[in-house]
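Peer 1: One structure is given below, represented as structure tokens, and several questions about it will come after.
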Amino acid sequence: MVLENLSFLRELNSSQQRVVKTSFGPLLVIAGAGSGKTKTLVCRLAYLVHQGVPPEKILLLTFTRKAAKEMIERASELLKRDCQKISGGTFHSLCQYMLRFYGYLLGYHSNFTILDRSDAEDLLNLLRNSLGFTDKKKRFPKKDTLVTIYSKIINQRKSLEEILSYEYPQFLDFFHEIEKLRIEYNNYKKEHQLMDYDDLLINWLLILKQYPQVRKEVGERYNFIMVDEYQDTNYLQGEIVKYMGEIHQNVMVVGDDSQSIYGFRGANFKNIFEFPNLFKNTKIIKLEQNYRSTQAILDLANIIISNSKIKYTKNLYTLRKEGEKPVLFKAKDEAEASKFIADRVLELREKGVKLSQISVLFRSAFHSFDLEVELSKRGIPFIKYGGLKLLESAHIKDLLSFLKILINPKDFLAWHRILLLLEGVGPKTAEKTINYLKTVEGHLNYILEKIPPQIPTKEVKHLVKLYKELLFKNFSPTEVLIKVWENYYPIFQRIYYEDYLKREKDIESLIALSEKYSSLEEFLTDLVLEPLEVGELGNISKEEEFLVLSTIHSAKGLEWHTVFIISLIEGRFPSYHSLQKEEELEEERRLFYVAVTRAREKLFLIAPTTVYLPGEGRVLAKISRFVQEIPPSLLNYYNETPTHQESTHNTKAVSSCFKIGDLVKHPHFGEGEILEIVSPEKVKVYFEKKGITLLHLKYASLEKLI
DNA sequence: CCGTACAATGTTTTT
DNA sequence: CATTGTACGG
């Protein structure tokens, strides 16, 4: 054996080495934030290959396909040998791949179409209309709510009744309609060779459960399974792992219960503790030494997690130096916060910290809007992760629908979208046309002949001409896209006349992206399984430096020299959605923990004391409970504005507590009198110090004086 | 039956 | 504020 190749092992500590060298049998690794988890995984891959395991026998499941790709590349570098044949990806991409082979067992062809969220919404809308659930007096749940409900049923393994009564009691009246629609939706998908995200998991699991032969074949195909971010898998994914590892038991999973942040989509960190029950004789190894952050940052992180009601499994420690204390800045408003960040960023850059080594993190995508404006004004280049997906914008969906038909002429969802684009075609005509097209068998060019002449538009003729050209010549995906784009352009200009210039950039990005692909099917599948984010492609030059703006969810697994966490106020972080529920509040806390542990050297916590709400103007904000509970000795206070002590009361105010004429006390404005109850959450108050103010009870903490 | 204009409504996180 | 529902004129 050539030992020089294994020199990378020397860089690991003893626990990490044990992880790497435990090749056979079930293994559970509990890896704290910054404990060198990724490095260990990479070394383990390299070690397996070095021991003679063929790369294609290894399956690596990660949270994004990008993460898998990067790990495989790093393993190749370590070994100086190509490991590209390692199968890596997300659970969804694995299931998709498997179902192309084995889907026939459930009656699926290998070219089934995957519905992304908006496709699923469109389909539900269509079915809802045809079931006549639309013209009721009371309001039926909207399409995106429906998708959410149906998905929760599957991922959280609850009944419709449970979900409705727990989270959507206002829709209980529609119980039967919602259930009926769900059945229709499922039937439609089966009939039309469609699967949504959840179907990918469910159907693959179903096959594994029902066919021992498949389990055997798959077990022989992948001898070693590794799963990253196991705390964010749900029950279905756990079961999939169980069955796929059944025959060889060579399954290794890594996770951190205190970093579980995907509960809303059914993830359950208890999966970690269940793992030893799925696999007998599981070895457990903990990685508790943190190599990333300074002691000062880690102290803060440890406090946050120890204030939790849940007892987590590890204690992080570091041998790193003390470091600077994290800085808390209470800004007057968001504009001041943004200015503060821009100033610090420029300072850091002067000192030689690269822009790409700085990030700004937030709970929800819109929290960074103000900052984005400020950064643009100052000419600081940034890139934003999280938020709107490119695929979800209407113009991209339009364009892709043209491609979908080319691949699957029976994709009536795509047909529907295209028909509606044509001038003079509305819902009725589209529906009629589709009902007619459903009866036509054969290839696309034949079907095109049969488009009923009820639509005598020029655009139809263009469409027919376009498809005839595309069908008979062998174009590359990019060429097809350009042809389709040329055809779509007049429609595009007509429909989006207000902002079509802005939208045009997205299309250019899409075309640029398509150049990497040689097959249209692959291109479309990839877009659904790894949705691109708006602007992700706009800045193609990789060498240029960008400040990173990201939701905390999208920042998982990453690290920076300096991290700013913004919008640390009640209602934003923790999000007001979670305020009522203990479990969700705990998840918010873990989310904050994840954010804090992204920082290596410097950490800034930023809370605006007022925020601007659309339509209401400036509203007072209360600093986040997660910040309040940090002992002051762990923080440096930047330029603390001379405000009074924050209220220590945790009571949540609702206007039903107040009536006109009540005397109230506010932490900043002192005593005042209620003038008007504007809505359940808004009150108008007169303060001696400030005058008349509109307060949002979601954000401001108001106490009643007796 | 289509398209437009206006009002209402409710805003997390993602494969 | 952007999406969804309603009212009306062509």
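Peer 1: List every residue pair whose Cβ atoms sit under 9 Å apart, with the two residues 6 or more apart in sequence or on different chains, where the first one lies in segment A:432-452 and is surrounded by 15 or more Cβ atoms within 10 Å (Cβ to Cβ) and the second, anywhere, is basic (Lys, Arg) and not in a helix (DSSP H, G or I).
Peer 2: Here the result reads A:437/A:410; A:437/A:450; A:447/A:410, each pair linking segment A:432-452 to a residue that is basic (Lys, Arg) and not in a helix (DSSP H, G or I).
Peer 1: Shifting gears a bit: Considering segment A:218-232 alone, what residues qualify as being assigned to a strand (DSSP E or B) and either in contact with a His (Cβ under 9 Å, 6 or more places away or on another chain) or within 19 Å of residue A:102 (Cβ to Cβ) (or both)? Talk me through it step by step, then tell me what you get.
Peer 2: Residues of segment A:218-232 that are assigned to a strand (DSSP E or B), as a first pass: A:224-227.
If the condition is that a residue be assigned to a strand (DSSP E or B) and either in contact with a His (Cβ under 9 Å, 6 or more places away or on another chain) or within 19 Å of residue A:102 (Cβ to Cβ) (or both), then A:224, A:225 are the ones that fit.
Peer 1: Let me ask another. Name every residue in segment A:233-288 that is away from DNA strand B (no atom under 16 Å from the Cβ) and part of a loop (DSSP other than H, G, I, E, B), in order of residue number.
Peer 2: A:245, A:246, A:247, A:248, A:249, A:250, A:256, A:279, A:280, A:281, A:282, A:288
Peer 1: Consider only pairs whose beta carbons are under 9 Å apart and that are at least six residues apart or on different chains; among these, list those whose first residue lies in segment A:174-193 and is more than 15 Å from residue A:151 (Cα to Cα) and in contact (Cβ under 8 Å) with a residue 12 or more places away in the chain and whose second residue is crowded, with 17+ Cβ neighbours inside 10 Å and among the acidic types (Asp, Glu).
Peer 2: What qualifies is A:192/A:411; A:193/A:411.
Peer 1: Turning to a different aspect of this structure: If residue A:139 passes every condition in (1) within 15 Å of DNA strand B (Cβ to nearest atom); (2) under 29 Å from the mean Cα position of the chain (by Cα); (3) in contact (Cβ under 8 Å) with a residue 24 or more places away in the chain but one, which one does it miss?
Peer 2: (3) is the only condition that residue A:139 fails.
Peer 1: Taking segment A:231-267 as the region of interest, how many residues are under 20 Å from residue A:204 (Cα atoms), under 16 Å from the mean Cα position of the chain (by Cα) and buried (at least 19 other Cβ atoms within 10 Å of the Cβ)?
Peer 2: Going through segment A:231-267 one residue at a time, the tally reaches 5.
Peer 1: Of the conditions (1) out of contact with any Leu (no Cβ under 7 Å at 6 or more places or on another chain); (2) open to solvent by 10 Å² or more (accessible area, probe 1.4 Å), residue A:425 fails just one. Which one is it?
Peer 2: (1)
Peer 1: Would it be correct to say that residue A:49 is aliphatic (A, V, I, L, M) and either assigned to a loop (DSSP other than H, G, I, E, B) or in contact with a strand residue (DSSP E or B) (Cβ under 8 Å, 6 or more places away or on another chain) (or both)?
Peer 2: Numbers: aliphatic (A, V, I, L, M): yes; either assigned to a loop (DSSP other than H, G, I, E, B) or in contact with a strand residue (DSSP E or B) (Cβ under 8 Å, 6 or more places away or on another chain) (or both): yes.
For residue A:49, the condition - aliphatic (A, V, I, L, M) and either assigned to a loop (DSSP other than H, G, I, E, B) or in contact with a strand residue (DSSP E or B) (Cβ under 8 Å, 6 or more places away or on another chain) (or both) - is met.
Peer 1: Still on this structure, please answer the following. Can you confirm whether residue A:201 is in a helix (DSSP H, G or I), open to solvent by less than 20 Å² (accessible area, probe 1.4 Å) and in contact (Cβ under 8 Å) with a residue 40 or more places away in the chain? Full working, then the answer.
Peer 2: Working: in a helix (DSSP H, G or I): yes; open to solvent by less than 20 Å² (accessible area, probe 1.4 Å): yes; in contact (Cβ under 8 Å) with a residue 40 or more places away in the chain: yes.
Yes: the conditions hold for residue A:201.
Peer 1: Here's something else I'd like to know. Determine if segment A:634-649 includes at least one residue that is within 30 Å of residue A:307 (Cβ to Cβ), outside any strand (DSSP E or B) and at pLDDT 70 or above.
Peer 2: Yes, segment A:634-649 has at least one match.
Peer 1: Here's another thing I want to ask about it. When you scan segment A:63-155 for helices (runs of 4 or more DSSP H) that lie fully inside it, which ones turn up with 2 or more residues that are within 16 Å of DNA strand C (Cβ to nearest atom) and not acidic (Asp, Glu)?
Peer 2: A:117-131, A:143-155
Peer 1: Could I ask something else about it? For segment A:372-403, name all the residues that are farther than 18 Å from residue A:339 by Cα and of a type in the set (Ser, Thr, Tyr).
Peer 2: A:385, A:393, A:401
Peer 1: Among the numbered conditions (1) open to solvent by less than 50 Å² (accessible area, probe 1.4 Å); (2) free of Cβ contacts under 8 Å to residues at least 60 places away in the same chain; (3) away from DNA strand B (no atom under 16 Å from the Cβ), tell me where residue A:104 comes up short.
Peer 2: It fails just one condition, (1).
Peer 1: Taking the options A:307, A:302, A:290, name whichever one is open to solvent by 50 Å² or more (accessible area, probe 1.4 Å) and of a type in the set (S, T, N, Q).
Peer 2: Working: A:302 fails: open to solvent by 50 Å² or more (accessible area, probe 1.4 Å); A:290 fails: open to solvent by 50 Å² or more (accessible area, probe 1.4 Å).
Of A:307, A:302, A:290, the one residue that is open to solvent by 50 Å² or more (accessible area, probe 1.4 Å) and of a type in the set (S, T, N, Q) is A:307.
Peer 1: Here is a follow-up. Residues A:585, A:568: which one is surrounded by 22 or more Cβ atoms within 10 Å (Cβ to Cβ) and free of Cβ contacts under 8 Å to residues at least 60 places away in the same chain?
Peer 2: Among A:585, A:568, only A:568 is surrounded by 22 or more Cβ atoms within 10 Å (Cβ to Cβ) and free of Cβ contacts under 8 Å to residues at least 60 places away in the same chain.
Peer 1: Here's a follow-up. Before we move on, is residue A:348 touching a strand residue (DSSP E or B) at 6+ places or on another chain (Cβ under 7 Å) and assigned to a helix (DSSP H, G or I)?
Peer 2: Spelling it out, residue A:348 is indeed touching a strand residue (DSSP E or B) at 6+ places or on another chain (Cβ under 7 Å) and assigned to a helix (DSSP H, G or I).
Peer 1: Identify, from the list A:460, A:484, A:480, A:440, the residue that is part of a loop (DSSP other than H, G, I, E, B) and out of contact with any Gly (no Cβ under 6 Å at 6 or more places or on another chain).
Peer 2: A:440
Peer 1: While we're here: Within segment A:386-428, restricting attention to residues that are charged (D, E, K, R) and within 16 Å of DNA strand B (Cβ to nearest atom), which residue is farthest from residue A:492 (Cα to Cα)?
Peer 2: Our first condition is that a residue be charged (D, E, K, R); within segment A:386-428, this holds for A:389, A:392, A:397-398, A:404, A:410-411, A:417, A:423, A:428.
Adding the requirement that they be within 16 Å of DNA strand B (Cβ to nearest atom) leaves A:389, A:392, A:397-398, A:417, A:423, A:428.
Values: A:389: 19, A:392: 16, A:397: 12, A:398: 9, A:417: 13, A:423: 12, A:428: 22 Å.
Ranking the candidates gives A:428 first.
Peer 1: For segment A:351-361, indicate whether the set of residues that are under 25 Å from residue A:292 (Cβ atoms), open to solvent by 40 Å² or more (accessible area, probe 1.4 Å) and over 28 Å from the mean Cα position of the chain (by Cα) is non-empty.
Peer 2: Within segment A:351-361, one or more residues are under 25 Å from residue A:292 (Cβ atoms), open to solvent by 40 Å² or more (accessible area, probe 1.4 Å) and over 28 Å from the mean Cα position of the chain (by Cα).
Peer 1: Also, I was wondering about something else. What pairs can you find where one residue is in segment A:389-418 and under 28 Å from residue A:551 (Cα atoms) and touching a residue at least 40 places away in the same chain (Cβ under 8 Å), the other is away from DNA strand B (no atom under 14 Å from the Cβ) and outside any helix (DSSP H, G or I), and their Cβ atoms are less than 6 Å apart, with a gap of 6+ or different chains?
Peer 2: Listed pairs, sorted by first residue: none to list.
Peer 1: Hey, another quick one. Among the residues of segment A:56-72, write down those that are over 24 Å from the mean Cα position of the chain (by Cα) and open to solvent by 10 Å² or more (accessible area, probe 1.4 Å).
Peer 2: Hits for segment A:56-72 are A:56, A:57.
Peer 1: Which condition from (1) assigned to a helix (DSSP H, G or I); (2) within 31 Å of the chain's Cα centre (by Cα) is the one that residue A:410 breaks?
Peer 2: Result: residue A:410 passes all but (1).
Peer 1: Answer yes or no as to whether residue A:375 is of a type in the set (A, V, I, L, M, F, W, C), more than 16 Å from residue A:567 (Cα to Cα), touching a residue at least 40 places away in the same chain (Cβ under 8 Å) and crowded, with 19+ Cβ neighbours inside 10 Å.
Peer 2: For residue A:375, the condition - of a type in the set (A, V, I, L, M, F, W, C), more than 16 Å from residue A:567 (Cα to Cα), touching a residue at least 40 places away in the same chain (Cβ under 8 Å) and crowded, with 19+ Cβ neighbours inside 10 Å - is met.
Peer 1: Can you work out which of the residues in segment A:369-385 that are within 16 Å of DNA strand C (Cβ to nearest atom) and touching a strand residue (DSSP E or B) at 6+ places or on another chain (Cβ under 9 Å) is nearest to residue A:525 (Cα to Cα)?
Peer 2: A:384
The values are calculated or read from the model by the stated rules, or taken from the named source; none is laboratory data. Note that the structure is predicted; figures quoted are calculated from it, not measured. Every residue, glycine among them, receives a Cβ derived from its backbone with ideal geometry; neighbour counts consider all protein chains shown. Heavy atoms of the whole protein, side chains included, go into the accessibility calculation; ligands, DNA and RNA do not. Shrake-Rupley method; radii C 1.70, N 1.55, O 1.52, S 1.80 Å.
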